[in-house]
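The values are calculated or read from the model by the stated rules, or taken from the named source; none is laboratory data. Just so we're clear, the structure is a prediction, and the values are computed from it rather than from any experiment. Cβ placement follows ideal geometry from the backbone for every residue including glycine, while neighbour counts extend to all protein chains displayed. SASA here: full protein model, heavy atoms, side chains in, ligands and nucleic acids out. Shrake-Rupley method; radii C 1.70, N 1.55, O 1.52, S 1.80 Å.
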Amino acid sequence: MRPGSARNSYLFSRCMAGLALLVAGLVAAHAQAQSAPRDLNELRWITEEYAPYNFTQDGVVTGLAVDILVRMWERLGVDKTAADIQSLPWARGYRMALDQPDTCLFSTTVTDTRREQFQFIEPILDANVSVIAARSHNLKADSVRDLEPYSIGVVREDIGDQLLQEGGFSGIYVRTDSARILMRMLQGQRFDGAAYNIRVADWTMLQEGIDPELYEPVLTLQEGHMGYACHRDIDAALIAQLQAALDALIEDGTVDAIIQGYLQ
């Protein structure tokens, strides 16, 4: 081998490796740019079984939050219908909304922690998240710490689950995947109480043949409101268009009329 040829070969290899990394980076950047939503029609919408806000009926997602979103789309000329909304277990949909830059999730209770994770279009409706227990149990609690002797059921990654964790609850968690399972297990005394949205709990109990009057809220975890939670990387201009549409529907009374149609 001629003097310097080994060094030249080494330099050539390093140069080619660097070029390969550069090309890979450009391809990845191009792919990311391609996947970034360019208009409202490219956004993906995910929900869960959370009646009366959003639930599946005859194979199509419906509910007051769905109806509001569809009216927002109509106002903005978005070529989508309720059939374009995908219903998934909450924990899975929540993870997708965090990880996939074209995804929005609803109905999502707004918290300070979640504001750091998502961009919100809000408000849809007031929300009261409480620990619910059978009246016959006479469970009393003035704080999350008072719940420690008890077992509490939650829907995995739901706001009730998150609020208990943030409040430092160190008792027994029982995590489920849906409101129906949660309410059935509460009725079956599989745990002492359930942390959930009161309105959704009452609605779900009625659907499951459970008398809501047999249960009561024993500790309010949060009083707030719900909204549509979108990935942090979605263009702020698209979020602004959706927010403007929601604001207009609130202003002209459309949102209130939709809500009353479900809650009367």
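You will find that of THR109, THR113, the residue that is crowded, with 20+ Cβ neighbours inside 10 Å and either on the phi > 0 side of the Ramachandran plot or not hydrophobic (A, V, I, L, M, F, W, C) (or both) is THR109 and no other.
Residues being open to solvent by 70 Å² or more (accessible area, probe 1.4 Å), of a type in the set (D, E, K, R) and outside any helix (DSSP H, G or I): count how many of those fall in segment 69-99. Number satisfying all stated conditions: 1.
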